[in-house]
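The values are calculated or read from the model by the stated rules, or taken from the named source; none is laboratory data. Note that the structure is a prediction, hence the values are computed from the model and not measured. Cβ sites come from the backbone with ideal geometry, for glycine too, and all protein chains shown count toward neighbours.
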Amino acid sequence: MIGGPRAPITPAMTQSAPEKRLYIKTYGCQMNVYDSERMADVLRPLGYGVTDDPEGADLVVLNTCHIREKATEKVYSELGQIKLMKNRKADAGGSMTIAVAGCVAQAEGEEIMRRQPAVDLVVGPQAYHQLPELIARAHRATGERLSADFAADEKFDALPAERHVEGVTAFLTVQEGCDKFCTFCVVPYTRGGEWSRPADAILAEARVLAGKGVREVTLLGQNVNAYDGCDGGLAALVRQLAKVDGLDRIRYTTSHPRDMDEALIAAHGEVPELMPYLHLPVQSGSDRILKAMNRGHRAEDYLRLVERIRAARPDIAMSGDFIVGFPGERDSDFEATLQLVRAVGYAGAFSFKYSRRPGTPASAMPGQVAPEVADERLQRLNALLQEQQEAFNRSRVGMVAPVLIEKPGRHPGQIGGRSPWLQPVHIDGPEHLIGRIAPVRIDAATRNSLSGSLVLEHA
């Protein structure tokens with residue numbers, strides 16, 4: 001998924017104050033959220049404890065996203081503020097190390113070092129397991145600033161077995177990189193080629209998570225359904241994960257239509273632990289635009305794929321990604337996108353105006369769409385998607401659904417969880433149900449959430 005800056009990682013509960021303070025700010029997708037969690041894990045043995053305040057921190061890490069143009073400039077703006085904090089700490093006799101990690105680091109490492117000399121480390125998305133060594137080298141070499149990146153297959157093997165988690169849900173990375181080379185996207189250049197973790201390592205991590213009270217995992221990958229770390233691919237991995245004691249729910253994101261095979265479709269209908277929710281980006285409903293994007297499929301291919309998925313799991317909630325204003329997009333192309341949306345009927349979606357990324361093939365294409373035209377198209381698309389999301393939520397009213405209770409609600413006596421279709425559900429009930437899957441009758445729906453009542457005889 002694509003997004004803006006995320007909230008900093010929150011401090012872990014510790015018996016005593018840590019010797020060194022670590023601040024991590026995460027931009028962008030769920031992959032980056034996972035990576036930030038693991039950065040904290042690899043640095044924890046060195047005495048770094050997480051803080052939610054960058055002022056006075058010993059190590060500041062900006063884990064960046066390069067998908068959207070403004071994200072890069074936000075990183076530079078943030079670095080300017082962090083530099084001032086670094087100077088203030090130096091004036092007080094201390095020191096602060098600044099690291100830029102993630103996709104911006106990979107794509108613009110040299111430019112970061114040139115534009116912001118206060119940066120000490122630039123670490124690509126495959127190299128965060130090397131952070132302890134890199135930080136030690138930076139401290140030993142006065143004034144040394146390093147830029148590094150390493151092969152994907154080194155990263156997971158070097159991670160500590162201990163995994164710090166909070167709550168009853170967790171992300172679990174199974175695949176990285178992308179070989180698709182969509183013309184609008186920098187991921188193949190910043191994350192590298194597709195690479196899959198061995199199934200044994202994933203299953204071991206899943207057992208650790210389940211032992212810590214995690215009931216639901218979301219399998220992550222740039223093209224997660226391209227996973228080939230075991231015979232049978234992602235479908236086989238899902239079936240193995242379904243047998244892990246204590247693990248009751250499995251999700252995965254983000255998928256590519258070209259990698260949605262029949263075995264995975266069948267798993268949706270046969271594995272109860274695999275939740276009836278699928279994020280399957282299409283980007284456009286126009287074959288002409290899909291070809292220009294190098295998506296490798298037609299609109300009709302996508303629609304027939306959705307039909308096969310729904311035949312296997314009729315109640316599945318479909319989610320997607322859409323880009324409007326792609327170079328060369330005409331009114332007729334946009335109308336084709338609206339037609340596809342109407343044909344599918346989405347439970348949710350992410351929609352964006354095309355963002356021109358220097359160095360990508362699309363950035364040099366003719367026919368760049370005027371911003372005001374893209375704005376108007378995005379508004380029309382969003383209105384349709386919101387209408388469909390509301391309709392899907394309303395269709396759940398009256399059902400009794402198993403809800404994983406995740407946390408206390410906003411109001412006293414309220415608890416909150418997620419439906420099988422990923423909607424937030426607000427319930428009046430006791431907090432001792434947190435971590436349990438409880439039957440809930442859905443009483444009402446809004447655009448973004450459901451509310452319901454516990455089915456008491458089972459609660």
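For the reader, a short list of remarks on this structure follows.
- When the residues of the stretch 150-187 are filtered to those that are hydroxyl-bearing (Ser, Thr, Tyr) and in contact with a Ser or Thr (Cβ under 9 Å, 6 or more places away or on another chain), the one that is modelled with the lowest pLDDT is 183.
- Subset of the stretch 185-203 (residues that are crowded, with 17+ Cβ neighbours inside 10 Å and within 30 Å of residue 327 (Cβ to Cβ)): 185, 186, 187, 188, 190, 191, 192, 194
- Those residues of the stretch 287-301 which are within 13 Å of residue 259 (Cβ to Cβ) and out of contact with any strand residue (DSSP E or B) (no Cβ under 8 Å at 6 or more places or on another chain), in sequence order: 296, 297, 301
- Of the residues making up the stretch 404-423, those that are touching a Leu at 6+ places or on another chain (Cβ under 7 Å) and either touching a residue at least 40 places away in the same chain (Cβ under 8 Å) or under 24 Å from residue 253 (Cβ atoms) (or both) number 5.
- Which numbered condition residue 422 fails, given (1) of a type outside the set (Gly, Ala, Ser); (2) in a helix (DSSP H, G or I); (3) touching a strand residue (DSSP E or B) at 6+ places or on another chain (Cβ under 9 Å): (2)
- Exactly one residue out of 367, 359 is over 24 Å from the mean Cα position of the chain (by Cα), surrounded by fewer than 15 Cβ atoms within 10 Å (Cβ to Cβ) and at pLDDT below 95, and it is 367.
- Residue count for the stretch 86-105, restricted to those that are part of a helix (DSSP H, G or I) and over 28 Å from residue 126 (Cβ atoms): 5.
- Within the stretch 295-304, the only residue that satisfies the criterion of being surrounded by 22 or more Cβ atoms within 10 Å (Cβ to Cβ) and either in the same structural domain as residue 227 (by TED's automatic domain parsing) or not basic (Lys, Arg) (or both) is 302.
- Selected residue (only one of 444, 401, 438 is in contact with a strand residue (DSSP E or B) (Cβ under 9 Å, 6 or more places away or on another chain) and surrounded by fewer than 16 Cβ atoms within 10 Å (Cβ to Cβ)): 444
Residues checked against (1) in a strand (DSSP E or B); (2) at pLDDT 90 or above; (3) farther than 23 Å from residue 254 by Cα:
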site	(1), (2), (3)
18	no, no, yes
37	no, no, no
43	no, no, yes
72	no, no, no
82	no, yes, yes
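- Hey, residue 388 free of Cβ contacts under 8 Å to residues at least 60 places away in the same chain and either over 30 Å from residue 288 (Cβ atoms) or in a loop (DSSP other than H, G, I, E, B) (or both) or not: no
- Exclusive hit being over 26 Å from residue 349 (Cβ atoms), outside the structural domain of residue 334 (by TED's automatic domain parsing) and modelled with pLDDT of 95 or more, set 445, 438: 438
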